[in-house]
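Down below is the structure, laid out as structure tokens.
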Amino acid sequence: GNLIDAATLPLDKKYHVIFCRNLFIYLGKEALKQAFHNLNRLLQEEGVLVVGIAETEIASTHGYTMLGPPKNGMFVRRSFHN
């Protein structure tokens with residue numbers, strides 16, 4: 001599927017872990033907004049998003065909190081983590 005186009009995603013499924021490494025650094029502001037909207041719909045409550053090291057700030061500014069050491073790139077949504 002295409003993370004930006006919800007019509008191509010299986011939004012009836014929820015995932016425990018989503019690996020999305022080295023994609024966000026190539027997206028513009030609106031595409032990032034849509035990508036995170038779709039990730040929020042795909043990721044289970046307490047699910048983990050794994051991003052590349054260069055994308056940790058991007059995930060942090062889109063409602064995710066880092067889990068563990070900074071270099072592992074693992075995040076959980078703030079609303080579920082707190």
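The values are calculated or read from the model by the stated rules, or taken from the named source; none is laboratory data. Please read all numbers here as calculations on a predicted model, not as lab measurements. In this analysis, Cβ positions are derived from the backbone assuming ideal geometry, glycine residues included, and neighbour counts consider all displayed protein chains. Calculation scope for accessible area: heavy atoms of the full protein, side chains included, ligands and nucleic acids excluded. Shrake-Rupley method; radii C 1.70, N 1.55, O 1.52, S 1.80 Å.
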Picked from the stretch 1-19 (must be farther than 18 Å from MET74 by Cβ and β-branched (Val, Ile, Thr)), the residue modelled with the highest pLDDT is ILE4
How many residues of the stretch 1-44 are touching a Gly at 6+ places or on another chain (Cβ under 7 Å) and among the hydroxyl-bearing types (Ser, Thr, Tyr)? The answer is 2
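Considering only the stretch 48-82, state which residues are of a type in the set (Gly, Ala, Ser), open to solvent by less than 80 Å² (accessible area, probe 1.4 Å) and farther than 17 Å from ILE4 by Cα.
To start, the set of residues in the stretch 48-82 that are of a type in the set (Gly, Ala, Ser) comprises 52, 54, 59-60, 63, 68, 73, 79.
Checking which are open to solvent by less than 80 Å² (accessible area, probe 1.4 Å) leaves us with 52, 54, 59-60, 63, 68, 73.
Residues satisfying the conditions are GLY52, ALA54, SER60, GLY63, GLY68, GLY73.
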Reported set for the stretch 33-52 where residues are modelled with pLDDT of 90 or more, in contact with a helix residue (DSSP H, G or I) (Cβ under 6 Å, 6 or more places away or on another chain) and over 20 Å from PRO70 (Cβ atoms) is ASN38
Within the stretch 1-47, the residues that are under 13 Å from the mean Cα position of the chain (by Cα), among the aromatic types (Phe, Trp, Tyr) and open to solvent by 40 Å² or more (accessible area, probe 1.4 Å) are TYR15, PHE19
